[in-house]
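Beneath this line is the structure, given in C-alpha cells, with notes to follow.
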Amino acid sequence: MNVVQGVSLAGVAVLIVEDELIVAMDMEDVLLEQGAEVLATVPTVSDALAAIEAQPPDLVVLDLNLDGQSTVPIVQALNARSIPFVVVSGYGDLRAADPCLAGAPMVTKPWNRDQLLSKLLEVLTESRGDAHRS
Amino acid sequence: MQTPVCGIGASAGGIGALQALFRDLPDDLGLAYVVIVHLAPDHPSALAEILAMASKMPVAPVTDSLTLQPNCIYVIAPESELVISGNSIQASAFNEARGRRTPIDRFFHSISSARGDGIAVILTGAGSDGTSGVKAIKEAGGVVLVQDPAEAEFASMPRNAIATGCADLVASIAGLAVQIAEVARSKEAVRSLDMDAAANDLRRIVGFLHARTGHDFASYKRPTVRRRVLRRMQVRRMTSLSAYAEYLKETPEEADDLFRDMLISVTHFFRDPEAFETLTTKAIAPIFDDVGADGIRAWVAGCATGEEAYSLAILLKEEAERRKLKVPIQIFATDLDEGALGMAREGRYPNSIQAEMSAERLQRFFLADGSHYRFCEEIRDMVLFATHSVLKDPPFLRLDLISCRNLLIYLERGLQEKLYALFHYALLPQRYLFLGSAETADVANQMFAAVDRESRLYCTKPRPAQPMPILAQRYSAPDVPAPPARPAAKTPPGTAPAVLHGLALEEIAPASILVDERSQIVHLSPSAGRYLRHSGGTFSDRLDQVVCPELRIDLGYALGEALLKAVPTLTPAVSLEIEGARRRIALNVVPIRDGHRSQPHALVMFLDGGPDTLPESAEAATADGRDRDEQVRRLQAELVMVRDSLSSSRNDHEHAAQDLRVANEELQSINEEYRSTSEELETSKEELQSMNEELQTVNSELKVKLESISTAHNDLRNLTAATEIGTLFLDGELRIRMFTPSVAELFNIVDGDVGRPLADFTNRLIRQGIEEELRQVLGDHVPLEIELKDQRGRCFMMRVRPYRTLDDRIEGVVVTFVDISTWRLTESRLELTEHRYQTLFDSLDQGFCVIEMLFDAEDRPTDYRFLEVNPAFQRQTGLSDVIGKTMHELQPGIEDYWFETYGRIARTHVAERFEAAAAKLDHFYEVYAFPLGSPGDNQVGVLFHDIRERKEAEREREMLTHELSHRVKNTLAVVQGLANQTSRDIGSVDEFRASFIGRLEALGHAHTLLLDSQWQSADLVKLIDGTLKAYDSGKREAIKVSGSSVRLTPKQGLGLALILHELASNAVKYGALSVPEGRLEILLEPRDADGQAMVRLHWRESGGPPVTPPERKGFGTRLIERASTYELRGRANLSFEPEGLRAEIDFPFEQEPQ
C-alpha cells in the first residue's frame, strides 16, 4: 500500500473522468487495489458533472481532453467544491491548455502507477491539511 | 601705418645679384621689397619663382593692385610698370615705346611722391634707368644704396646712379644687405623720434652747418631741413638727432654732405605763378614790342629738370601767338646736372603736373602719354638744353631775358655780384633778368633796375660796353686793389716839414691815373681828369680809350711796355689843348708791382712840359729856318694822316673784334647744340643699351622657354600617341597643318602632305560633305560633334573645334576622331543590363523601397521618407503613391522598432535581416535592409515580403505537432492499459503476447480505417470485415455478415473493433470458429428507439463445441460489456447458448445526412 505520511487511499471515494476505456479500467484496477472506492468512471464532461452532483467524490482523477472536449468546467466545479483532483493528460504543459489549470497537480500520460498514486496521496494530504486548517 | 618700401632696381645681370641680395637679407626688417627689372614685354617672367627660392619671404608678382605687406617681395610683371599709392602697389601698362621705358625711375618717383621716403637700391645693369629716380628719392628724404660698380656684372647703371651724387652708400651685394638692414632699423628709430623734443638738436645742427659752410639754413623751412637731416641720419645710421649732431661735429665731411643734401633742387612749372604773371606782362610783352629780325633769345641758368625753361617757352609761345608773330625764339637752358638735363631733354613729366598749370595749357602744349605728359615738338624745339656752368663757361650773349631762379641764394655775395655783371654783359640793353623769390639784384643796382621788385624782375640799365667779366678765378679772384692812400683833404697849418713836403708834392706832382692790367682806370689823381676826353659811343673806363686822342697812341704803347714787360716808359711830349691853352704833355708810365699781387698795375703820370709857347710862325723863325719848319709841318700833316688812318683801322679792328665776338658766341651756341645732339645720341645709345639688355634677358628666358617647349613638344607627341585620339589641325583654308598617325590612315595622308588642302584627299569615312561642316565651324566658331563610321565599320566621334590662339583669334580648326566602337558596344550592353535590371525590379515579387531616414534633434530616428519603390511594394504593403511621403504621413502608428532598426542601419551602415510585424498594415514581413550611398545620406534600401500566411501555417503545424504528441501519449496510455489488463488474465508470456498483439492489431486496424476517413467516421461493415480478417483464414465461408451498414463515430469504431476482436478471438479459441463446421453469423439490424437511430449487432455462433458459461468474467467479457456502454454509448448482451455464443449489441449512430 502506498502511504504518504499515514494517508492512504483506502476508503477514499474516487471519481475517474477518462474517455479511454482501457485507460479508465486500468486506473480503476490500480485504485481498487489500493482500497479506494471508485464512485464512477465517466467519459464525458456532462457525465462527470452529473456524477459530482450526485455524490461528491473525495478525489477526482481527470483527463484534460475528453474526445475533444475540455474538462475545464469540471475543474471549475471541483475547485468550487474544494474537491482535490489530479489531472492525467498527454499535454505536457497545463497552462497551454487553459490558464486556470496553472499549478494544478498533474501526471503525464502514459502514466506510471507509482507516480499516479503518490500524486493522489499528495493531493489528498494537502486537501486534508487544508480541511484541518479551515 | 604704411609699410616702408625698399625699391630695388636691377637690369642686365640682375637676377644673380637679386638672388644674392635676398639670400643675405634678413626676413624680418618690416620692409616691403619691390623688385623692378627690365623684362621683355611679350615674355612671361620666372623672376618671382627664382626669388622665392632665394628668400624665405613670400614673393608676389604684381599684375594688378596689391596692398603692401611687411617682409614681402613684390616683383614687376612683364609689360607693366609699378607705382606706389598709399599703402598699395599698382601695376599699369607702359605708355612709352620700348626703348624709352624707365620703370625703375618711374617707380622711384612714385615712392618719392607717395611716401616722401623709402629706400632705393640700384644693382647691376646697363643704361641709366633709376638715375633720376634716385634723385627723387633722395630729394624726398629717402636713402639711396648702390651696388659697387666694380662688383656689378654691368656697371653702367650703378655708375650713373653714383654720378648723380645721390648715392648715400656704395657697397657690394653682401654690404648692401647689411646696410639695408641697418637703414631699416634706423628708419624705424627715426620714425619713433619725438620731433618736438628734437627741435633743439635740430637748431644745433643748423647752427653748426652755418658755422662750417657759411650758409645759414635757419631761414629755410623747418620741415625741409628736418627731412634732410633725418635722411642723413638714416644714411649714417644714427638713431637720435643728438647723436647725429655729435657725429656732424666730429666729421667735417658730413657737414659737406648735409649741405649738399640741403641743396637738392626742387622746381615745378610756373613756380610762383604771380611772378610769372608779372613776367608776361612786364617783360615778355615789351620784348615782343621791339623784337628784331634776330628773334628772341632767352637763357635759363640752372634749369634743373627743365620745368622753368619750358614754363618760359610756354609764355613766349603764347605771347607770339597772341601777337600772331612768327619770330625765332631760342631758349638756352643750362645746368650742371647731367641727369636732370636728361630728364629735361625728354620733356616728359608725370601726370602730377596737372596741378601746376591750366587745362588749356596742358591741352595746347602737351601730348598725353599714359601716366605722363610729353611736350609737343613746338615747345620742345624752342629749348636747347646744355651742360654749362654759369661760373666757368662763357655766357650766352645778346639775350632778351635771363631767368636764374634759386641759384644765387646758394652763392656767396661776392660771386653773386660777379654773376650779376655777367648777366648784365649777356643781356641786351633794356632787357630782363628774372630771379627767384629769395633773391634780389639790389646789390647790382648800378646794372639793374627793378621792374617789379615783388616778382624779382629786373631790367638792365644802359651802361658802357665792358669786357666780359671773367669769373674763372671765382673765390680766389683778388679784391680790387685798394685805391692809393689818399691824403686827408685838409691839413691844419703849421704842420711838420714832412707833411709840408707831402703837401708840396701833392701840389706839384703831375696828374696821375692808376690803371689795372686791362688798362681800366682804377683811380685818378685830382687833376688827372683834364687829360681825359670821352669820345662818342659807349662809355668806357679804359684809359687808352678815354685819354685825349693825342696821347692815345703813345699811351697804348707805353701801357703795353709797363703792363706786359714791366718797363717804365717816358713818351715824348705832345702838344695838347688843355683848358683852352696848348701845353706840352709827356707821359711817364710806370709799372707797379705790389709784392704778392701778381696782377700788374701801372701808374700813368701826365708830365706837364709847360705851355707850348712856340707858335707855328715863331717856329718857322727858328734857327733851322723855313725848310725845317716846312719839313716839320709836312711831318705833322703826315702824322695826322697816319693817326687818322690808325684810328680808322683801329675802329675797323674793333668792329672786326665785335663781329668775331658775335661769331664766337654763335659758334658757342652751335657748339652747345652739337653737344646737345651728342647728348641725345648718348641717350639713344642708352636706349639701345637698355634694349640690348632686354634682349639679353629675353634671350636667356627664351633659352629656358625653348627647353620647356621642346619638353612640351615631346610630351604632346607622347600624349597624342598614348591617347590614340586622331587629331587633325587645319588652317583657315582647311590646309593640313598637323596630324597624328591614326588620322593619316583615315584620310590617306602622309607627312609630306602638310600644307595641302584637305579636300585633295579621299577619306575612308562614310560621310559626305565633311569639308562643308569644317567651313561652317570656321565661320560660326560653334564646335561640332558628329558620330560617323568608316569603311571598316568602326565608329568614330568626330569633334570639330575652332583653333583658338592664346590671344583669342581663330586660325583654323582642330578635328579629333575618337574611336568609339568599343564604347558603343559597351553602351548597348549597358542598356541591355539596365533593361534587365528594370525588368527585375518591376517583376520582383518582393517589395523594394529606398528610404531616407529622418532624425530629430537628439539624433533619434523619428520617421522615414520613401524615395523609390518597385511595383511589388504596393502589393506587399497596400500603400500607393508613396514617393516623397513619410511613413507617418502614409500610415500613423507604425511600430517604433521599424524606425529604430532603419535608423540603426543608416547610422552604422551595417545591413540587417529581420522579421517583424506591421500591425497597422496587417502584415508580417521578412525584411532585408541595407545601407545605401554614403553614411551621411541616411539612405536605406529595404527588400521585404509578407510572410503572414507562412507564419499562420507554422502556427498550425505547431498546434498539430502538439496535438499529435497528445494523441500519441493518449494512445500509449491506452496501450499501457491494454498491456496491464491483458497481463492480469494471462500467465504465459506466449499467450500474453498473442493476446496483446491481437488486441493491438484490432486497434491498429480501426485506426487505419479511421485514417481513411480522416478520423471522421468508420463504416461498420468495413470495420467488421477488417477486424475478422485476421481470424477467417480458411474460414471465409464460415462467417456471414448481413444487414445494412451504418457509419460509426471514431470512438465507436475503436470500441467496436476491440469488442469484435474479443468476440472473434474467443470464437477462434473456444467457439464456433475453433472447428471447421462451426458457423458465425453477424446481422446488422438498424431500428429506431424513441427517435434515436440505433443499430443492433447480432453475433450468432453455431456448429461449434458446446458452450459453457465462463466461471468468472474475464477481461474479454468485461471489455465487451464496458466498451459497449462506455465507447459505443450502447449496451451489450452476451448469452452463452449451448449451440453457440450469442451477443446482441445495441448502440446509437448518427444518420448520414441525405
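What to note about this one:
- Selection from segment B:407-438 of residues that are among the acidic types (D, E) and modelled with pLDDT under 80: B:E412
- Of the strands (runs of 3 or more DSSP E) lying entirely inside segment B:357-412, those containing at least 1 residues that are in contact with a Ser or Thr (Cβ under 7 Å, 6 or more places away or on another chain) span B:383-387.
- Of the residues making up segment A:103-134, those that are at pLDDT 75 or above and not in a helix (DSSP H, G or I) number 10.
Conditions tested, residue by residue: (1) under 23 Å from B:Q981 (Cβ atoms); (2) touching a residue at least 24 places away in the same chain (Cβ under 8 Å); (3) more than 14 Å from chain A (Cβ to nearest Cβ).
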{"residue": "B:L1020", "(1), (2), (3)": "no, yes, yes"}
{"residue": "B:L1023", "(1), (2), (3)": "yes, yes, yes"}
{"residue": "B:T1027", "(1), (2), (3)": "yes, yes, yes"}
{"residue": "B:Y1031", "(1), (2), (3)": "yes, yes, yes"}
{"residue": "B:K1040", "(1), (2), (3)": "no, yes, yes"}
{"residue": "B:S1045", "(1), (2), (3)": "no, yes, yes"}
{"residue": "B:A1057", "(1), (2), (3)": "yes, yes, no"}
{"residue": "B:A1064", "(1), (2), (3)": "yes, yes, yes"}
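- Scan segment A:26-46 for residues that are touching a residue at least 12 places away in the same chain (Cβ under 8 Å) and either away from every other protein chain (no Cβ under 14 Å) or not in a loop (DSSP other than H, G, I, E, B) (or both) and the total you get is 14.
- Selection within segment A:47-62 - of a type outside the set (A, V, I, L, M) and within 14 Å of chain B (Cβ to nearest Cβ): A:D47
- Checked against (1) in a helix (DSSP H, G or I); (2) surrounded by 14 or more Cβ atoms within 10 Å (Cβ to Cβ); (3) touching a residue at least 40 places away in the same chain (Cβ under 8 Å), B:V704 passes all but condition (2).
- Candidates B:E277, B:E246, B:E253: the one that is loosely packed, with under 13 Cβ neighbours inside 10 Å, at pLDDT 75 or above and part of a helix (DSSP H, G or I) is B:E253.
- Candidates B:I137, B:I162 - the one that is in contact with a strand residue (DSSP E or B) (Cβ under 6 Å, 6 or more places away or on another chain), of a type outside the set (S, T, N, Q), modelled with pLDDT of 80 or more and buried (at least 24 other Cβ atoms within 10 Å of the Cβ): B:I137
- For segment B:46-78, the candidate set comprises residues that are in a loop (DSSP other than H, G, I, E, B) and surrounded by 17 or more Cβ atoms within 10 Å (Cβ to Cβ); within that set, the residue that is nearest to the chain's Cα centre (by Cα) is B:A77.
Quick grid of which residues meet (1) more than 19 Å from B:V300 (Cβ to Cβ); (2) at pLDDT below 85; (3) not hydroxyl-bearing (S, T, Y):
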{"position": "B:R323", "(1), (2), (3)": "yes, no, yes"}
{"position": "B:V327", "(1), (2), (3)": "no, no, yes"}
{"position": "B:A333", "(1), (2), (3)": "no, no, yes"}
{"position": "B:R345", "(1), (2), (3)": "no, yes, yes"}
{"position": "B:Y373", "(1), (2), (3)": "yes, yes, no"}
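- Checked against (1) modelled with pLDDT under 80; (2) not in a loop (DSSP other than H, G, I, E, B), B:L551 meets all criteria but (1).
- A:L9 meets the stated requirement of being away from every other protein chain (no Cβ under 12 Å), part of a loop (DSSP other than H, G, I, E, B), touching a residue at least 40 places away in the same chain (Cβ under 8 Å) and surrounded by 24 or more Cβ atoms within 10 Å (Cβ to Cβ).
- When every residue of segment B:820-829 is checked against the conditions, none turns out to be acidic (D, E) and part of a strand (DSSP E or B).
- Some residue of segment A:72-94 being in a helix (DSSP H, G or I) and within 13 Å of chain B (Cβ to nearest Cβ): yes
- In segment B:107-134, residue nearest to B:C6 (Cα to Cα) [restricted to those that are charged (D, E, K, R) and surrounded by fewer than 24 Cβ atoms within 10 Å (Cβ to Cβ)]: B:D117
- Among the residues of segment B:140-159, those identified as modelled with pLDDT of 80 or more and assigned to a loop (DSSP other than H, G, I, E, B) are B:G142, B:D148, B:P149, B:A150, B:E151, B:A152, B:E153, B:F154, B:A155.
- Test for B:V974: is it surrounded by 15 or more Cβ atoms within 10 Å (Cβ to Cβ), touching an Asp or Glu at 6+ places or on another chain (Cβ under 7 Å), more than 30 Å from B:A917 (Cβ to Cβ) and in contact (Cβ under 8 Å) with a residue 24 or more places away in the chain: yes
The values are calculated or read from the model by the stated rules, or taken from the named source; none is laboratory data. These figures come from a predicted structure and were not determined experimentally. Note that each Cβ is placed from the backbone with ideal geometry, even for glycine, and that neighbours are counted across all protein chains shown.
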